[in-house]
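Read through the structure below, which is laid out as structure tokens, and then see the notes.
The values are calculated or read from the model by the stated rules, or taken from the named source; none is laboratory data. Bear in mind that the values here come from a model prediction, so they are computed numbers and not experimental data. Glycine also receives a Cβ, built like all others from the backbone with ideal geometry; neighbour counts cover every protein chain displayed. For the accessible areas, the whole protein counts, side chains as well, though only heavy atoms, and no ligand, DNA or RNA atoms are used. Shrake-Rupley method; radii C 1.70, N 1.55, O 1.52, S 1.80 Å.
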Amino acid sequence: MNDLASLPPLRDSLSEHGLLADKSFGQHFLLDLNITRKIARLAGPLDGETVIEVGPGPGGLTRALLEAGARVIAVEKDARFLPLLSELADAADGRLTLVEADALKVDEAVLAAGPGHVVSNLPYNVGTPLLIKWLTGPWRPVSMTLMFQKEVADRIAAPVNDDAYGRLGVICQALCQAKVVMDLPPRAFTPPPKVSSAVVRLDPLATPPSPAEIAALEKVTAAAFGQRRKMLRSSLKVLGGEALCVKAGIDPNVRAETVPVEGFLALARAL
Ligand code: SAM
């Protein structure tokens, strides 16, 4: 039996199994273990921790997570990768569990059977819905270290008054500390995507807003950023307009992009 250190290079594993990337699954692989190890360090410390990884593909990030001492539950939708990943599981001393499934449909509480982190080079087409699931679902990750296309990563972590500041950033930052921790150019991936990518680290807040407050926050931010050039008195008209702003202690004559996350939370509570 192999151990992790004696596994073949990722490119050799892919060619031995005759595997080519399938764009319909958003497949852009990280085949440089120096990069995947850096992502695992950014997610760490992981020794003895449980990690859910979405989309292990050829397993470069999975190897790095296992090397860091994590117990990994890897959810992969493309069944073609399971024989290759089984070889990795054989080398991992029982610390890698493979689940063939659509990550949008799995119950993380059942998979992790306790607290766990999420670390993933996410498929672009389902990245944001998965993030919303982990932010607002019943299972709250201990931390999330996630690769997105750069434009989405910037929106998640954007500060108030930034061009990228909007609904996604307000909702993420109401629930987590969010920071872009690594940028990657297209050439870091095989095959290269059209756009740059970035890793975001999200650490859920100890005392998050309640589900009712988040539901109200979703309504307020949808209205406010739906018409981001208008003043709140006008963009929030259907939700109470000026009266809602006054109740929340927010100036009704400002535009959404100048209102900090706490301001939106005050509007959500007033609603
Ligand atoms: N982690 C690998 C790496 O870094 O090289 C692969 C990353 S690739 C960007 C995205 C992976 O997610 C692919 O392996 C793809 O098959 C898988 N995937 C796509 N949609 C998925 C879904 N809904 N559920 C689980 N895996 C999915």
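Here are a few things to note about the model shown:
- Test: residue in region 238-258 that is touching a helix residue (DSSP H, G or I) at 6+ places or on another chain (Cβ under 7 Å) and of a type in the set (S, T, N, Q): yes
- Near pairs, Cβ below 8 angstrom, 6+ apart or cross-chain, from region 51-75 (closer than 10 Å to VAL119 by Cα and among the hydroxyl-bearing types (Ser, Thr, Tyr)) to any residue that is open to solvent by 10 Å² or more (accessible area, probe 1.4 Å) and part of a strand (DSSP E or B): THR62/LEU96
- If only residues of region 150-160 that are touching a helix residue (DSSP H, G or I) at 6+ places or on another chain (Cβ under 7 Å) and not in a helix (DSSP H, G or I) are counted, the one that is least open to solvent (accessible area, probe 1.4 Å) is ALA158.
- Residues located in region 35-87, provided they are within 14 Å of the ligand (Cβ to nearest atom) and acidic (Asp, Glu): GLU53, GLU76, ASP78
- Check on ASP163, more than 12 Å from the ligand (Cβ to nearest atom), within 20 Å of ASP12 (Cβ to Cβ) and open to solvent by 60 Å² or more (accessible area, probe 1.4 Å): no
- Meets criteria (among the small types (Gly, Ala, Ser) and surrounded by fewer than 20 Cβ atoms within 10 Å (Cβ to Cβ)) for GLY137: yes
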